[in-house]
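Structure first, then comments.
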Amino acid sequence: MQFAATYPLAEIRRIQIYHNTKGYTERDLDKILAETGGSFIFGGPIFLSNLQACCHLKGDGVTYCAPDYQAWGMAWSSDAQDYGCELLPSDKDNHIECVHLIVAGEPVEALHYQTDMGGARPRQAIGSKEGRFAYMVTETAYTPEQLRDVLKAAGWDAAIMLDGGGSVCYRDRSGAGFVCDGDRVIPFYIVVHLAADVSDSDTAGDYVVTAESGLNIRSGPGTEYDKVGGYAYGAVVAIRAVQDGWGQTDKGWVSMAYLEPAEGVQTGVTDNGLSIIQDLIPQGRANRPGGSNPDTYITIHETGNYAKGAGAAAHASWLKSDDAAGKKISYHYTVDDHSIYQHLPDGERGYHAGDGGSGPGNAKSIGIEICVNADGDFAQAKANTAALVRLLMQRHGIPLANVVQHNHWNGKDCPKTIRATAGGWEAFLTLCGEETSQDKDKELEAAVDALAAAGVIDSPDRWKALEYTDASVRALIVKMAAHISTGV
């Protein structure tokens, strides 16, 4: 049995390196397709006995193996439109290497592989043909050299042999396929998502969570699948595909019943009363790379644009321009002295940290630009930014220690004005960590209610309304001492 085809890149929505953390066997390929929403699936690269990858391998920006050598392999970004053969490691979000058979249309004369990879056995390979994605999975037994010659004769211009023998398997949505060893656990699969099998542009896109208690993320499209996480109320979620009322995200599947389209909505209000205005960079633009962002850090920048009128709205407009796309510049928020604009969902990567497409600054942090326009109030812009930082820290569980300067990632003198001010960065972090007056009022009310419930004070409403002076603090201390000494 054999499955082989080529697809124009325009017909592919995603080529996914699936990390099999759940220990699925080859008999479970249907479960993986249901979980991922993929069109078809087959086995991946060779691996060690401990199920660790042993050749160059990266998926969705996560590096699984990075040996200290260069080798030819296939690499691609999140949307796979730049899929091609190149020397690895690559800056792209995904790459895979095993045994390269054909490079730039030329067959490799002396193949390099371990002895136990030789001999005639079932084989699988990926590569390209005339700029198209190509794959072959076959039960026919080939030696690596025979596989190379078969693919060369078929017109492939690049070919990478994957794991063979018992690791060869294939399944598609129709149920067609085969497995060579149904009980084998393969740590990495390749799942291909064809555009024809996922939702159209009217359904895919960014959505806001409307469930006040939050929204469960499940491993597949239905309540029968395990919970694997959750999204908070008001979170912006990028939906890649829709199946039977369930939307696929980078983290799993969510019910579409608790989402509403995000375009034109406000995505939160800071504790100083500013509503966040969402004006996203359109999907597919060169400066919207996609890919998941775990929101581990918050990176602070300054726009460096001192022109009058260069506020948050102006930058929102510029980020959607051909100039920004050509320069591949993008970040999540711009803040000025009166507004906050959001340009990317928090859970997506941007191009703002200057540390490469998959560097931690771009891949793991939320980028915020503070406006420095000459007709703006920079002190107020900093205060508004600090309020946004407090909101994001609370929303994503980011500690203050992970609020960093642009300089932290690549050494650039940014945020320049704050860095040039003695104690400026420390003062900004103090703003980010301050409790708001509203928080303090709630804390005080709760404390007064606790004291009243314990019988330490009476008339709690009067105590809540007090302007606290030395006299009122003295009176409270006396009451507390009396309560302790009398036991009432």
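The values are calculated or read from the model by the stated rules, or taken from the named source; none is laboratory data. Values in this document were obtained by computation on a predicted structure and should not be read as measured data. Counting neighbours? That spans all protein chains shown, and the Cβs are built from the backbone with ideal geometry, glycine included.
Condition first: assigned to a strand (DSSP E or B) and of a type in the set (Val, Ile, Thr). Now tell me which residues in the range 93-122 satisfy that.
Of all residues in the range 93-122, those assigned to a strand (DSSP E or B) come to 94-96, 99-103, 106-107, 121-122.
Ile96, Val99, Ile102, Val103 - these are the residues of the range 93-122 that are assigned to a strand (DSSP E or B) and of a type in the set (Val, Ile, Thr).
Of the conditions (1) under 18 Å from Ser358 (Cβ atoms); (2) in contact with a Cys (Cβ under 8 Å, 6 or more places away or on another chain), Cys54 satisfies every one except a single condition; which number is it?
That leaves (1) as the condition not met.
Just name the residue that is nearest to the chain's Cα centre (by Cα) out of those in the range 138-153 that are surrounded by fewer than 21 Cβ atoms within 10 Å (Cβ to Cβ) and touching a residue at least 40 places away in the same chain (Cβ under 8 Å).
Thr138
So how many residues does the range 67-92 have that are assigned to a loop (DSSP other than H, G, I, E, B), in contact with a strand residue (DSSP E or B) (Cβ under 6 Å, 6 or more places away or on another chain) and aromatic (Phe, Trp, Tyr)?
Qualifying residue count, the range 67-92: 1.
Is it the case, given these coordinates, that Lys31 is of a type outside the set (A, V, I, L, M) and either in contact with a His (Cβ under 9 Å, 6 or more places away or on another chain) or part of a loop (DSSP other than H, G, I, E, B) (or both)? Lay out the reasoning, then the answer.
Working: of a type outside the set (A, V, I, L, M): yes; either in contact with a His (Cβ under 9 Å, 6 or more places away or on another chain) or part of a loop (DSSP other than H, G, I, E, B) (or both): no.
Criteria not met by Lys31.
Restricting the search to the range 12-28, which residues are in a helix (DSSP H, G or I) and buried (at least 16 other Cβ atoms within 10 Å of the Cβ)?
Taking the range 12-28 first, the residues in a helix (DSSP H, G or I) are 26-28.
Once the filter is applied, which keeps residues that are in a helix (DSSP H, G or I) and buried (at least 16 other Cβ atoms within 10 Å of the Cβ), the range 12-28 yields Glu26, Asp28.
Name the residue that is modelled with the lowest pLDDT, counting only residues in the range 208-225 that are out of contact with any helix residue (DSSP H, G or I) (no Cβ under 8 Å at 6 or more places or on another chain) and not small (Gly, Ala, Ser). Full working, then the answer.
At the first step, the residues of the range 208-225 found to be out of contact with any helix residue (DSSP H, G or I) (no Cβ under 8 Å at 6 or more places or on another chain) are 208, 212-214, 216-218, 222-224.
Going one step further and asking which of them are not small (Gly, Ala, Ser), we end up with 208, 212, 216-218, 223-224.
Numbers: Val208: 74, Glu212: 65, Asn216: 90, Ile217: 89, Arg218: 85, Thr223: 85, Glu224: 82.
Residue satisfying both the conditions and the ranking: Glu212.
With respect to Leu111, determine if the residue is surrounded by 13 or more Cβ atoms within 10 Å (Cβ to Cβ), more than 30 Å from Arg285 (Cα to Cα) and either in contact with a helix residue (DSSP H, G or I) (Cβ under 6 Å, 6 or more places away or on another chain) or assigned by TED's automatic domain parsing to the domain that holds Thr143 (or both). Quick ask: steps written out before the conclusion?
Values: surrounded by 13 or more Cβ atoms within 10 Å (Cβ to Cβ): yes; more than 30 Å from Arg285 (Cα to Cα): yes; either in contact with a helix residue (DSSP H, G or I) (Cβ under 6 Å, 6 or more places away or on another chain) or assigned by TED's automatic domain parsing to the domain that holds Thr143 (or both): yes.
Criteria met by Leu111.
A quick yes/no check of all residues on (1) assigned by TED's automatic domain parsing to the domain that holds Asp250; (2) modelled with pLDDT under 90; (3) among the aromatic types (Phe, Trp, Tyr):
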residue	(1), (2), (3)
Ala34	no, yes, no
Phe47	no, no, yes
Gln52	no, no, no
Tyr64	no, no, yes
Trp76	no, no, yes
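Cβ-Cβ distance below 9 Å, separation of 6 or more or different chains: which pairs start in the range 305-329 with a residue that is outside the structural domain of Ile277 (by TED's automatic domain parsing) and closer than 9 Å to Asn373 by Cβ and end on one that is of a type outside the set (Lys, Arg) and modelled with pLDDT under 90?
Between residues of the range 305-329 that are outside the structural domain of Ile277 (by TED's automatic domain parsing) and closer than 9 Å to Asn373 by Cβ and residues that are of a type outside the set (Lys, Arg) and modelled with pLDDT under 90, there is no close pair.
Please pick out the residue among Val254, Val236, Val192, Val228 that is surrounded by 14 or more Cβ atoms within 10 Å (Cβ to Cβ), assigned by TED's automatic domain parsing to the domain that holds Gln124 and either in contact with a strand residue (DSSP E or B) (Cβ under 9 Å, 6 or more places away or on another chain) or modelled with pLDDT of 75 or more (or both).
Details: Val254 fails: assigned by TED's automatic domain parsing to the domain that holds Gln124; Val236 fails: assigned by TED's automatic domain parsing to the domain that holds Gln124; Val228 fails: assigned by TED's automatic domain parsing to the domain that holds Gln124.
The unique qualifying residue is Val192.
Among the residues of the range 114-126, what is the count of those that are buried (at least 17 other Cβ atoms within 10 Å of the Cβ) and either at positive phi or modelled with pLDDT under 95 (or both)?
Within the range 114-126, the first condition is being buried (at least 17 other Cβ atoms within 10 Å of the Cβ), and the residues that meet it are 117, 121-126.
The next check asks that each one be either at positive phi or modelled with pLDDT under 95 (or both); those that pass are 117.
Counting residues in the range 114-126 that are buried (at least 17 other Cβ atoms within 10 Å of the Cβ) and either at positive phi or modelled with pLDDT under 95 (or both) gives 1.
How many residues are buried (at least 20 other Cβ atoms within 10 Å of the Cβ), in contact with a helix residue (DSSP H, G or I) (Cβ under 6 Å, 6 or more places away or on another chain) and free of Cβ contacts under 8 Å to residues at least 60 places away in the same chain when one looks only at the range 334-353?
4
If the requirement is being surrounded by fewer than 17 Cβ atoms within 10 Å (Cβ to Cβ), of a type in the set (Val, Ile, Thr) and out of contact with any Lys or Arg (no Cβ under 6 Å at 6 or more places or on another chain), which of these qualifies: Thr385, Thr421?
Numbers: Thr385 fails: surrounded by fewer than 17 Cβ atoms within 10 Å (Cβ to Cβ).
Just a single option satisfies the conditions, and that option is Thr421.
Restricting to the range 257-278, give me the number of residues that are assigned to a loop (DSSP other than H, G, I, E, B) and either modelled with pLDDT of 90 or more or more than 19 Å from the chain's Cα centre (by Cα) (or both).
So the first thing to find is which residues in the range 257-278 are assigned to a loop (DSSP other than H, G, I, E, B), and the list is 262-265, 270-274.
Right, trim to either modelled with pLDDT of 90 or more or more than 19 Å from the chain's Cα centre (by Cα) (or both) and you get 263-265, 270-274.
Within the range 257-278, residues that are assigned to a loop (DSSP other than H, G, I, E, B) and either modelled with pLDDT of 90 or more or more than 19 Å from the chain's Cα centre (by Cα) (or both) number 8.
Examine the range 383-391 for a residue that is in the same structural domain as Asn305 (by TED's automatic domain parsing) and outside any helix (DSSP H, G or I), and state whether such a residue exists. Let's see the steps before the verdict.
From the range 383-391, those in the same structural domain as Asn305 (by TED's automatic domain parsing) are 383-391; that's our starting set.
Checking which are outside any helix (DSSP H, G or I) leaves us with none.
Looking for residues that are in the same structural domain as Asn305 (by TED's automatic domain parsing) and outside any helix (DSSP H, G or I), one finds none in the range 383-391, hence no.
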